[in-house]
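Working notes, structure below.
Each value in this text was obtained by applying a stated rule to the coordinates, not by laboratory testing. Every value quoted in this text rests on a predicted model; they were computed, and no experiment measured them. For neighbour counting, all protein chains shown are included, and Cβ atoms are generated from backbone atoms with ideal geometry for every residue, glycine included.
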Amino acid sequence: MGETEQRPTAGSRLGAQENAGISTLEHGQKPPMTPPGKLVSIKIQMLDDTQETFDVPQRAPGKVLHDAVCNHLNLVEGDYFGLEFPDHKKMMVWLDLLKPVMKQIRRPKHVVVKFVVKFFPPDHAQLQEELTRYLFALQVKQDLAQGRLTCNDTSTALLISHIVQSEIGDFDETIDREHLAKNKYIPQQEALEDKIMEFHRSHMGQTPAESDFQLLEIARRLEMYGIRLHPAKDREGTKINLAVANTGILVFQGHTKINAFNWAKVRKLSFKRKRFLIKLRPDVNSSFQDTLEFLMASRDFCKSFWKICVEHHAFFRLFEEPKPKPKPVLFSRGSSFRFSGRTQKQVLDYVKEGGHKKVQFERKHSKIHSIRSLTAQPSEQHTEVPKQVSDSSSFAYGDDNDAAAVQSCRQGKELKASTEDTGQHKSPSLKKSPKEGRKVDGAVVSTVEEEEEAAKDRMQQNRPQSQQPSTGSLTGSPHLSELSINSQGGPSVANMSLSPNLSPDAKQSSPLISPLLNDPSCIRTDDEEEVKRKRFPTEKAYFIAKEVATTERTYLKDLEVITSWFQSAVSKEDCMPETLKNLIFSNFEPLHKFHTGFLKEIEQRLALWEGRSNAHIKGDYQRIGDVMLKNIQSMKQLTIHLWKHNEILMELENGIKNSRKLETFCRDFELQKVCYLPLNTFLLRPLHRLMHYKQIMERLCKHYPPSHVDFRDSRAALAEISEMVAQLHGNMIKMENFQKLHELKKDLIGIDNLVIPGREFIRLGSLSKLSGKGLQQRMFFLFNDILLYTSRGLTASNQFKVHGHLPLYGMTIEESEEEWGVPHCLTLRGQHQSIVVAASTRAEMDKWTEDIQMAIDLAEKSSGPAPELLASSPPDNKSPDETTVDQESEDDLSASRTSLERQSPHRGNTTVHVCWHRNTSVSMIDFSIAVENQLSGNLLRKFKNSNGWQKLWVVFTNFCMFFYKSHQDNHPLASLPLLGYSLTIPSESENIHKDYVFKLHFKSHVYYFRAESEYTFERWMEVIRSATSSASRTRALSHKEPHAYCRRHKPLC
């Protein structure tokens, strides 16, 4: 039998693999069973104007056809789209996903069904996939041509200029004129051609993905974006048009909006014959319920519009698909229609969880190929947001189907792949631009969640020789799990300009599973491990002493960031005053010199303890207290330098504030590979290290019996270090708050004076704010005098834009789940405005309630209401019932991009971004506990689906695990933020069968880590638990020293 000829499909033209995606199913589910029976051919017109034919069984519901189209395109976010067709009365209606296709499309041979956008989200940054945004851009292009999207000439020309940029690339006058002559985007286009080309000239270097993003950024602010008008009449018989949007029901007169009914105000929607009825909630100042009535052309028109309203309300306002009503026993009353499919929240959650593969696709009209991520994660609601015209890229931590992913309009520099010669092996690496996010000396600090996929492929074959890195782009994703790699040196073998928020290719090499790390010397077998365990001491005191050495190595590397790397960079640039240079380096160099000698002494003692020389025969070297006592006493002479650190931190921040050149220099240094944490964090390290010594000596003294030979020295060392910590503790508390305020300042725009005397940070985290558009994710920042709420800014700097603020003086807080029907809901009532917020869990709500109430009490006990502090942020005095969309006139649209270009690059993997992507929160107490819970050492790591264990040097700090090949490396190869992760012990069914193994898992990401002893296992469990489960304020303060504001206001604690 001959093979049937296979026709090219829309998916194949887009470069997609066949049957790779499922649109409307939850993660892990299979497509619905296709009913048997005779097949019927349905013609579908795609958004690129091509037609495809799909064969579906006669009895198949509409969902089968819709899923077939989405699978065909590999469209993950297919829930935003719908299928519309003309019914027997030539009225365009949407295909019902629950009813059989043939009961809706009576004559399929004569009907062409259109695949179009059905639900337009309030923010296009919520669209995680580049393909989704491309299809939305095609819809905008279609609406322009058909006259649905109306706007002034300036906006029209700007929209078309972005379409032209995505189709033919950079401006060339001859090519532009030819292209515009052949392609008519709007009627009477000739009058605007000069203006279109003028705008097009300004888009130089913009990729198609960026053009789509800019197009949607402009279009979403237009009044007619996503609007389909339905003719009607009001009670007076005046002709009007009704429309439905994500915010509610809109009323137009012609193309001018004259009224809007937000979903929060609508109590019930119904229809009776030709009458469409809207029953509103009672007004605050009146007790009656208002019912509005509109007359439509026919019952069918009226019912069709009612259905669309029901679907929009469910998609944008509900958490999950509404359950079907039970069938009546005798007779039914009213329509049984209900929304079918995932809600927008479920779509965003699904993309966050990942589980889909990356696919390349080709645009029909564009010369440039794009890479789209179907693997999405993180990296926590990450969207693959293309770069702006300024150079900055997305998030090194996360996969961009957040986070957000990453959901900001960011510009990426060229991504370079380079290889480093390492003897027989070459390690693949990707070099990020300074604006792509945090880098760590040679490698962008990247997360390891995507390594699992790459590991599966690499387990099949051994690649000891050099390996070419595959192309890809970096993302900010909902789960923060994107991986990006760099290695030092080496020639550039590739130079690719890619969208910053697109995930890297699935076959991308990972630094932790690269040939460099997978050579025989890096993977320890079980036999080797057993021999090593038998050879070295097993007593607990030895492992406590070893912890001193391992953490000291990391501390010394952190000091070198200042004394070596920062000092070297400063010496090459004339940007820092001599007085500031002397202040910093004259106080850090003595510390570095002292601790270099201290580390040598510790390592020598460990060598003797382990019996690696004959010296142990001549004396008892199996102790550490004497070494600690000697060095802690010497350390007291350095206290004068430690007292200077507060002055160093303040002078550096003042210098940055007063000098644009110094600000740029410090920002660029933070983007270097060695600076894996904020620069000012390294300035606090010496004070933090004193607390670590104190904790270690406490454990040692607790372990030793009083009769032990090392007990006396250990107890004396503990007394000495406790005295030093007590002297410097108050200074450290102030410095930590000062440092945190300045760090938050970098993450926020729309506020000028965040850092003011007396202001103290309390908590930050993600909450959903209830508005006319439903629940929208917002980032909240709680201080002792004010509460800020922000959204992920559409800027190249990936910052959070302040939307509004509530002074805490006079505020009340109350639970309001029953009133609003939203789980974990709180109402915050200020003197001038109120907002309704919802937490992700009950535990999160309790933490926020406790901290906000404490902050309110502090504000009440203060001198009075705080002055207006946010001079640069517009006031937001809207009630929860009102929409909070920032309005912008069409004349401002052309200027919006220019303002974004001026934004400075910014890291995308700060704790703020992790909280945003993982929908959690962190308090200042959590930060303080994290400072105490830092650890370094070797661990063996294993992926869920891999066989071998891989030895890595791991540093845990700042809620994050940083992975190195060895402790001698200057920078981590990858990182894993642990906020939101669960820490457990593997079960029997997981077949680990090894001692001292703990398990970290977040949704579908699972990692196993294996420690060398019971003590180190317990220590890793202890410090990681502090990051994965933040304690409430009450529990934390029950065993920790009081926080700054708690000590200041003792009655509250």
Note the full-extension length gain between S298 and Q58 as 0.36 nm times their separation in residues minus their Cα-Cα distance, in nm to one decimal.
83.4 nm
Return the whole-Å distance between the Cα centroid of segment 532-608 and the Cα centroid of segment 227-252.
69 Å
Binned at 10 Å from 0, what are the whole-percent values of the Cα-Cα distance distribution for segment 703-827, short to long?
10, 29, 23, 14, 12, 10, 2, 0
I need the P(r) histogram for segment 159-279: all alpha carbon pairs, bin width 5 Å from 0 out to the longest distance, whole percents.
2, 9, 16, 15, 13, 9, 9, 9, 8, 6, 3, 0
Do me a favour and compute the ellipsoid semi-axes for segment 711-779 from its Cα gyration tensor, root of five times each eigenvalue, largest one first, whole Å.
41, 17, 8
If I model segment 748-797 as equal point scatterers sitting on the Cα atoms and use the Debye formula, what is log10 I(q)/I(0) at q = 0.19, 0.28, 0.30 Å⁻¹?
-0.74, -1.14, -1.19
Placing each pseudo-label 7 Å from Cα in the direction of the beta carbon, E815 and Q968 end up separated by a distance in nanometres of 5.8 nm
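Quote the FRET efficiency, to the nearest 0.05, computed for S982 versus D290 with a Förster distance R0 of 60 Å and r equal to the Cβ-Cβ distance.
FRET efficiency, S982 to D290: 0.75.
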Here the Kirkwood hydrodynamic radius of segment 109-150, Cα-based and in Å, equals 11.7 Å
Cα principal axis extents for segment 173-238, largest first, Å:
55, 26, 16
Per-peptide average of other Cβ atoms within 10 Å, ordering 801-814, 128-141 highest first
128-141, 801-814
Pulled fully out, how much extra length does the chain show between M204 and Q253, if you take 0.36 nm times their separation in residues and subtract their Cα-Cα distance?
13.7 nm
Which residues does a label at N731 reach in segment 671-705, if reach means a backbone N under 20 Å from a point 7 Å past the Cα toward the Cβ?
680-695
From phi via Karplus (6.51, -1.76, 1.60), per-residue ³J(HN,Hα) for segment 663-678 in Hz, x at Gly/Pro
4, 5, 4, 5, 5, 5, 5, 4, 8, 6, 6, 6, 8, 7, 10, x
Checking rank on 551-561, 824-834, with mean other Cβ inside 10 Å and highest first, the result is 551-561, 824-834
I need the peptides 211-217, 778-784, 92-98, 302-308 ranked by packing, meaning the mean over residues of other C-beta atoms within 10 angstrom, with the highest value on top.
211-217, 778-784, 302-308, 92-98
Looking at segment 601-713, what % of the alpha carbon pairs are farther apart than 16 Å?
73 percent
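Between T579 and Q637, take the C-beta separation as r, use R0 = 22 Å, and let me know the FRET efficiency to the nearest 0.05. Show your work: numbers first, answer last.
Values: r = 24 Å, r/R0 = 1.10.
So, using R0 = 22 Å, E works out to roughly 0.35.
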Taking 7 Å along the Cα-to-C-beta vector as the label spot, tell me the T154-E84 distance in nanometres, rounded to one decimal.
3.0 nm
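Test of understanding: what is the full-extension gain from S834 to N654, defined as 0.36 nm times their sequence separation minus their Cα-Cα distance?
Gain on stretching S834 to N654: 61.2 nm.
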Projected-area mean, segment 51-179, by convex hull of Cα positions, square nanometres
10.1 nm²
